[in-house]
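**Student:** Before I ask anything, here is the structure I am working with.
The values are calculated or read from the model by the stated rules, or taken from the named source; none is laboratory data. These numbers were taken from a predicted model, which means no experiment stands behind them. Here the Cβ positions follow ideal geometry from the backbone for every residue, glycine too, while neighbour counts run over all protein chains shown.
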Amino acid sequence: MIYEIIKPFIRIALSFFCRKIYIHHRNNLQLKGPILIVANHPNSFLDAIIIGAFFKNPIHFLARGDAFKKNHHRFFLRLLNMIPIYRLSEGKENLYLNEYAFNQSQKILEKGGIVLIFIEGICLLTNQLQPFKKGAARIALDYQGNTALKILPIGIAYDQFNAWAKTVQVIIGEPIESNSLFPFQERAKNMNYFNNQIRQALEPLIKQPVSANINHTVWIQFISSIGYYLHQPLFKPIDQLIKIKTKNTVFYDSVLFGILFMIFPLFLLIIGMILNFFFGILGLFVLCFIVIAARTIVLCRNPIK
């Protein structure tokens, strides 16, 4: 319920965080389940946020279990339809919990839902495809629903990491009947065949977008300059704190987006109340200017090399 309510607002928020998001083969965003989405994983939770924001139907995400350690993190992530799954590096004692993740995935798919799994099982802040784990193959192989399961490969790539105002390219492949991916009698052979076929389907979908310095009009640059100084009291301390908290991790982009998603509307509300108190209806125009300026900052920021 919460997921569906906030999804339109996430799409709006992404336009203030990313310079541009290119989505290819948008018609596949309308597909209905049961679907197992297999995607690469270059940029932590931001990958799931971007893919989930544009699909018509709800998606459930298998996400790294270490992010669920704190109660408030667990509460928020589950509101976003995320299911924890653990790797050996996160503690051998947690691996038994993965049975819950796989069972939940089966229940969702058997009800005609959509599950997304990042098939590499790791995020390294790179568009380079990493070796595949066997989680996706296991989910597809164990599926016993009445309706045929489809596997949908999605490639996502970024022009930069650990930075806002990024350009993102999402290429959605064509759905594949899962039955065609298991031609053998032996489970191990089927899993290897599944991964090999998905790699062939997924690799061409990962294409890094071109980041270029764009020459904007003088007025857009002027608004961007004013907006930069207007937003510094809010953005700078948040940015510095998150850089410290996420140092040597892959979470900077996703944490920054999440914090701004919650705080920026409150910032606008407080500013709007102050402006309305002093200027009445004229304050609304100033508030609109602040919002427009926030978008122009993203448009005019030069990519980090």
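**Student:** Residues of the range 121-134 being surrounded by fewer than 21 Cβ atoms within 10 Å (Cβ to Cβ) and on the phi < 0 side of the Ramachandran plot, which ones? Lay out the reasoning, then the answer.
**Tutor:** Keep residues of the range 121-134 that are surrounded by fewer than 21 Cβ atoms within 10 Å (Cβ to Cβ), which gives 121-122, 124-131, 133-134.
Across the range 121-134, the qualifying residues are Ile122, Leu124, Thr126, Asn127, Gln128, Leu129, Gln130, Pro131, Lys133, Lys134.
**Student:** Could you tell me whether Lys207 is assigned to a helix (DSSP H, G or I) and among the basic types (Lys, Arg)? Talk me through it step by step, then tell me what you get.
**Tutor:** Numbers: assigned to a helix (DSSP H, G or I): no; among the basic types (Lys, Arg): yes.
Considered against the rule, which asks whether it is assigned to a helix (DSSP H, G or I) and among the basic types (Lys, Arg), Lys207 comes out as no.
Residue-by-condition table, conditions (1) modelled with pLDDT of 90 or more; (2) over 16 Å from Arg19 (Cα atoms); (3) among the small types (Gly, Ala, Ser):
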residue: Thr249; (1), (2), (3): yes, yes, no
residue: Pro265; (1), (2), (3): yes, yes, no
residue: Gly272; (1), (2), (3): yes, yes, yes
residue: Ala294; (1), (2), (3): yes, no, yes
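Per-residue answers, yes or no, for (1) within 22 Å of Val286 (Cα to Cα); (2) surrounded by fewer than 17 Cβ atoms within 10 Å (Cβ to Cβ); (3) not assigned by TED's automatic domain parsing to the domain that holds Trp164:
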| site | (1), (2), (3) |
| --- | --- |
| Arg187 | no, yes, no |
| Asn190 | no, no, no |
| Ala201 | no, no, no |
| Ile223 | yes, no, yes |
| Ile226 | yes, yes, yes |
| Tyr229 | yes, yes, yes |
| Gln232 | yes, yes, yes |
| Phe235 | yes, no, yes |
| Thr249 | no, yes, yes |
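**Student:** Quick one: count up the residues across the range 207-221 that are within 23 Å of the chain's Cα centre (by Cα) and either assigned by TED's automatic domain parsing to the domain that holds Ala140 or not hydrophobic (A, V, I, L, M, F, W, C) (or both).
**Tutor:** Qualifying residue count, the range 207-221: 4.
**Student:** Within the bounds of the range 253-268, is there any residue that is closer than 21 Å to Ser15 by Cα, under 20 Å from the mean Cα position of the chain (by Cα) and of a type in the set (Ser, Thr, Tyr)?
**Tutor:** yes
**Student:** Does Gln240 satisfy being more than 14 Å from Ala13 (Cα to Cα), touching a residue at least 60 places away in the same chain (Cβ under 8 Å) and outside any loop (DSSP other than H, G, I, E, B)? Outline the logic, then answer.
**Tutor:** Working: more than 14 Å from Ala13 (Cα to Cα): yes; touching a residue at least 60 places away in the same chain (Cβ under 8 Å): no; outside any loop (DSSP other than H, G, I, E, B): yes.
So Gln240 does not fit the description; no.
**Student:** Would you say Asn196 is modelled with pLDDT of 95 or more, under 28 Å from the mean Cα position of the chain (by Cα), assigned by TED's automatic domain parsing to the domain that holds Ile119 and over 24 Å from Ala48 (Cβ atoms)? Don't jump to the end; show me each part of the working.
**Tutor:** Details: modelled with pLDDT of 95 or more: yes; under 28 Å from the mean Cα position of the chain (by Cα): yes; assigned by TED's automatic domain parsing to the domain that holds Ile119: yes; over 24 Å from Ala48 (Cβ atoms): yes.
Criteria met by Asn196.
**Student:** I would also like to ask the following. Evaluate the range 287-301: report whether one residue or more is polar (S, T, N, Q) and free of Cβ contacts under 8 Å to residues at least 60 places away in the same chain. Reasoning before the result, please.
**Tutor:** Let us first name the residues in the range 287-301 that are polar (S, T, N, Q), namely 296.
Now restrict to residues that are free of Cβ contacts under 8 Å to residues at least 60 places away in the same chain: none.
Scanning the range 287-301, I find no residue that is polar (S, T, N, Q) and free of Cβ contacts under 8 Å to residues at least 60 places away in the same chain, so the answer is no.
**Student:** Can I ask one more? Within the range 130-176, how many residues turn out to be among the basic types (Lys, Arg) and either within 30 Å of Lys236 (Cα to Cα) or touching a Ser or Thr at 6+ places or on another chain (Cβ under 8 Å) (or both)?
**Tutor:** So the count comes out to 2.
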